[in-house]
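Note sheet for the following structure.
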Amino acid sequence: MLAVTVKNICIGTGMPKICVPVTGTDEQQILAQLDALQKTPADLAEWRADYCRDIHDPEKTVRLLRQIQERTPDLPVLFTARTEAEGGLFRLPPERYAQNLEQVICSSAADMIDIELSSPASAHLLSLAQAHHVKTVISFHDFRKTPAEDRLLELFSQMEQTGADILKIAVMPHNESDAETMIRAVQKMHGKTDRPLIGISMGEYGIRTRTECERIGSAITFASAGQASAPGQMDVFRLHEILRELHQ
């Protein structure tokens, strides 16, 4: 396994890492959430910049990201601008999505950046991130359904071929069988790739993918510390307790 080291966190070895989204809409809310987050067992913070009302201004986004980094010297920060098509709040055209991510990458203010596989500029953004030593999460989200297992494996394989550091798929199950489909796909891909994986079934049916991620082969799981950014996210303290018990 090619473990991904960001600050003092090694993703892909040991217990799965807990990432908590920060979903404030302005600077004051965002920084307050980060201060509170550092008192929890979270391993990473995900700044969901698409929640921020200044997301459409790349210069303001970078300035705020620099403040976030100053506030979190030991906590890795994943920058995410989730598009509306994949369940987020970023509603501008694909070229503006790419421009915003380009500016963030070139600023070197992000430890990690989420790049959607569906973006026409994904290959360019990945190459740019590698040149600026920014770790990458290549992602795919489906908030409507769970694709077939073969399709999930195909998506993971496409992601692996991009050279991204971490491969992420999050989908919506409609029953226990859908959640099992996601679990099987992660387990099979875990046996074939040297990249850390994130495989999530959202909502009530997918809780196992968040709690049993070490057994399944998922390197990062997401929890909440207040407002959740996706259905099914558990409280960070409770999830940490469960992960520790299962690890022991």
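Condition check ((1) assigned to a loop (DSSP other than H, G, I, E, B); (2) in contact (Cβ under 8 Å) with a residue 60 or more places away in the chain; (3) within 30 Å of Asp194 (Cα to Cα); (4) of a type in the set (A, V, I, L, M)) across all residues:
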| site | (1), (2), (3), (4) |
| --- | --- |
| Pro21 | no, yes, yes, no |
| Gly24 | yes, no, no, no |
| Ala32 | no, no, no, yes |
| Ala36 | no, yes, no, yes |
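Filter region 108-127 down to the residues that are modelled with pLDDT under 95 and of a type in the set (Ser, Thr, Tyr) and list them by number.
Residue satisfying the conditions is Ser108 alone.
For Lys17, are the conditions met, namely being surrounded by 18 or more Cβ atoms within 10 Å (Cβ to Cβ) and either out of contact with any Phe, Trp or Tyr (no Cβ under 6 Å at 6 or more places or on another chain) or among the basic types (Lys, Arg) (or both)? Spell out how you get there, then give the answer.
Details: surrounded by 18 or more Cβ atoms within 10 Å (Cβ to Cβ): yes; either out of contact with any Phe, Trp or Tyr (no Cβ under 6 Å at 6 or more places or on another chain) or among the basic types (Lys, Arg) (or both): yes.
Yes.
Within region 56-63, does at least one residue satisfy the condition of being among the basic types (Lys, Arg), closer than 21 Å to Ile220 by Cα and surrounded by fewer than 22 Cβ atoms within 10 Å (Cβ to Cβ)?
First, the residues of region 56-63 that are among the basic types (Lys, Arg): 60, 63.
Subset that is closer than 21 Å to Ile220 by Cα: none.
Within region 56-63, not a single residue is among the basic types (Lys, Arg), closer than 21 Å to Ile220 by Cα and surrounded by fewer than 22 Cβ atoms within 10 Å (Cβ to Cβ).
What strands (runs of 3 or more DSSP E) completely inside region 155-248 contain at least 2 residues that are at pLDDT 95 or above, acidic (Asp, Glu) and in contact with a strand residue (DSSP E or B) (Cβ under 8 Å, 6 or more places away or on another chain)? Full working, then the answer.
Values: elements: 166-171, 197-201, 220-224.
Fully inside region 155-248 and qualifying: nothing.
Does region 119-139 contain any residue that is buried (at least 22 other Cβ atoms within 10 Å of the Cβ), of a type outside the set (Asp, Glu) and over 20 Å from Leu101 (Cβ atoms)?
No, that holds for no residue.
Show the residue pairs that are 6+ apart or on different chains and have beta-carbon atoms under 6 Å apart, the first residue being within region 163-185 and farther than 14 Å from Pro147 by Cβ and touching a residue at least 12 places away in the same chain (Cβ under 8 Å), the second being of a type outside the set (A, V, I, L, M) and not in a strand (DSSP E or B).
So the pair list comes out as Ile166/Pro196; Leu167/Phe156; Leu167/Arg195; Glu176/Tyr205.
Report the residue count in region 173-190 for those that are farther than 19 Å from Ile138 by Cα and surrounded by fewer than 16 Cβ atoms within 10 Å (Cβ to Cβ).
Summing the residues that are farther than 19 Å from Ile138 by Cα and surrounded by fewer than 16 Cβ atoms within 10 Å (Cβ to Cβ) in region 173-190 gives 5.
So, in region 68-84, exactly how many residues are over 18 Å from the mean Cα position of the chain (by Cα) and surrounded by 15 or more Cβ atoms within 10 Å (Cβ to Cβ)?
Here the count works out to 1.
Give me the pairs, please: first residue somewhere in region 186-201 and β-branched (Val, Ile, Thr), second residue anywhere and assigned to a loop (DSSP other than H, G, I, E, B), beta-carbon distance under 7 Å, and either six or more positions apart or on two chains.
Short answer, once both residue conditions are applied: Val186/Gly217; Val186/Ser218; Ile198/Ser218; Ile198/Ala219.
The values are calculated or read from the model by the stated rules, or taken from the named source; none is laboratory data. None of the values given here were measured: they were computed from a predicted structure. Glycine gets a Cβ as well: all are built from the backbone with ideal geometry, and neighbour counts include every protein chain shown.
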